[in-house]
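Quick notes on the structure that follows.
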Amino acid sequence: MEWEDMVMEIIPMLAEGLSNGGGLGLLGAGLGAGLVTFGGAKGIGQLAASALESQARQPEVAGRVFTSMIIAAALIEGFTFFALIICFQISGKVFSTLAAAGAGH
C-alpha cells in the first residue's frame with residue numbers, strides 16, 4: 001500500500017508541472033536518465049562479453065584483459081554517473097522554476 005500512497009502524492013505534482021509548461025523539461029530529464037542508464041549498461045555488457053571472449057581464446061592474457069576491462073568499465077560508469085547528475089540537475093531546475101512560478105501567483 002505504500003507505493004500507492006507515493007503514486008497518489010506524485011500524480012498531482014506531475015499534473016501541476018504539465019499544466020505550467022514544465023512537463024516537457026521533466027519528461028526530457030526522465031528520458032535522458034533512462035537513455036543514459038541503458039547506454040551505460042549496454043556498453044558494460046559489450047565490454048564484458050568481449051573480454052570474456054578474448055580470455056576464452058587466449059587464457060594466457062587473461063590478467064591483462066581483466067585489468068583493461070576494469071579500467072574501461074570504470075570510465076563508462078563515471079560517464080554514466082556524470083550524465084545522470086546532469087539529468088537530475090535539469091529536473092531540479094524545472095522543479096525550482098515551477099515552484100517559483102507557483103509562489104508568484
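Some points to look at:
- Residue within the stretch 61-76 that is within 30 Å of Ala100 (Cα to Cα) and small (Gly, Ala, Ser) present: no
- Here Val65 qualifies as part of a helix (DSSP H, G or I), out of contact with any Pro (no Cβ under 7 Å at 6 or more places or on another chain) and at pLDDT 90 or above.
- Any chance Glu4 is more than 22 Å from the chain's Cα centre (by Cα) and at pLDDT 70 or above: yes
- Odd one out for Val94 among (1) within 23 Å of Leu35 (Cβ to Cβ); (2) of a type outside the set (Asp, Glu); (3) modelled with pLDDT of 85 or more: (3)
- Residues in the stretch 14-42 that are surrounded by fewer than 12 Cβ atoms within 10 Å (Cβ to Cβ) and modelled with pLDDT under 70 were compared, and the one that is farthest from Gly78 (Cα to Cα) is Ser19.
The values are calculated or read from the model by the stated rules, or taken from the named source; none is laboratory data. Bear in mind the structure is a predicted one, so any value in this text is a computation, not a measurement. FYI the Cβ positions are ideal-geometry reconstructions off the backbone, even for glycines, and counts take in every protein chain you see.
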